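Read through the structure below, which is laid out as structure tokens, and then see the notes.
What follows is calculated from the coordinates using simple rules that are stated; it is not laboratory data. Just so you know, these numbers come straight off a predicted model, no measurement behind them. Reconstructed Cβ throughout: ideal geometry from the backbone, glycine too, with neighbour counts over all protein chains shown.
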Amino acid sequence: MDLPQAVRDAADTSAITQLILKERESRDLGRWDDMRDCFHPDSEIRISWFRGNGADFVTGSIDMARRNVLAKHRLSPIRVTLSGDRAVCTMSAIIEIPVALKATAMNLLSYTRFVYRAERREGTWRIVSFDAVYLRDELTPAVPGHSIVIDPNELKLFRPSYRLLSYVLSQQGYAVDPDLAGEDRPDSIRALMRGIFTWAGLKSD
């Protein structure tokens, strides 16, 4: 017996939500096989320090953990927009990275919006793409009363919406993509969302 469409939609929404949460939790906890299973082979990841497919993203995440760059993620509830066997998923997130700069323990917070495309193939939902929209960031001492001074000239090359994240990652040896979607370039956000929603056969907000 066919289930009502509303029931099928609810089941798909739940499955996709759990998929996205599994990918992020696996990333934070170092469950690399679980994380790898979340991506389709032709998936594309486009974030500050990485661009490539899902399998290589897992490999890069393992390397990042080995470098002791231990990013964690605080996530909002996920919005899932269904379109048959395709879906667009968005959520607010805060990336937290503890880091030592100038011999001082610091905490980086990067405020973002994560955007996923998911697709059901052969009955299974997996991730097709993962993008981050960068809003703003901040850097604070891990111990109150401690402080560091960063030469403003060291920050000039970095975008305002992810300036400090770029600085911290560059200090760890990463090349940061300067052309990602960010709140300092509203047109870049509109272009990203338009492309993603078009892929799903939907109109962007």
* Structure fact -> Correct semi-axes for segment 62-205, from √(5λ) of the alpha-carbon gyration tensor and rounded to whole Å with the largest first, are 33, 17, 13
* To do: Could you tell me which GluC sites (Glu not before Pro) in segment 96-157 are loop residues by DSSP with no more than 13 other beta carbons within 10 angstrom of their beta carbon?
  => E122
* **Within the chain, helix-based [θ] at 222 nm, where runs of 4 or more DSSP H residues each add -39,500 (n - 2.57), nearest 500** => -10000 deg cm²/dmol
* To do: Using the charge dipole of the chain (Lys, Arg: +1 at Cβ; Asp, Glu: -1 at Cβ; taken about the Cα centre), state which of S83, L109, S61 has its Cα farthest towards the positive end.
  => L109
* Selected from G60, G195, G123 as most flexible by GNM, with the chain as the system and alpha-carbon contacts under 10 Å -> G123
* To do: Under a cut-off of 12 Å between alpha-carbon atoms, report the aspartates and glutamates in cross-link reach of K72, not counting same-chain residues fewer than 8 places apart.
  => E25, D28, E96
* Rounded to the nearest 0.05, what FRET efficiency is calculated for K203 and Q5 with R0 set to 25 Å and r the Cβ-Cβ distance? -> 0.80
* Structure fact -> Taking L109, L192 and counting other beta carbon atoms within 10 angstrom, the fewest-first order is L109, L192
* Charged-residue dipole, Cβ positions (Lys, Arg, Asp, Glu), segment 5-199 about Cα centre, Debye nearest 20 -> 180 debye
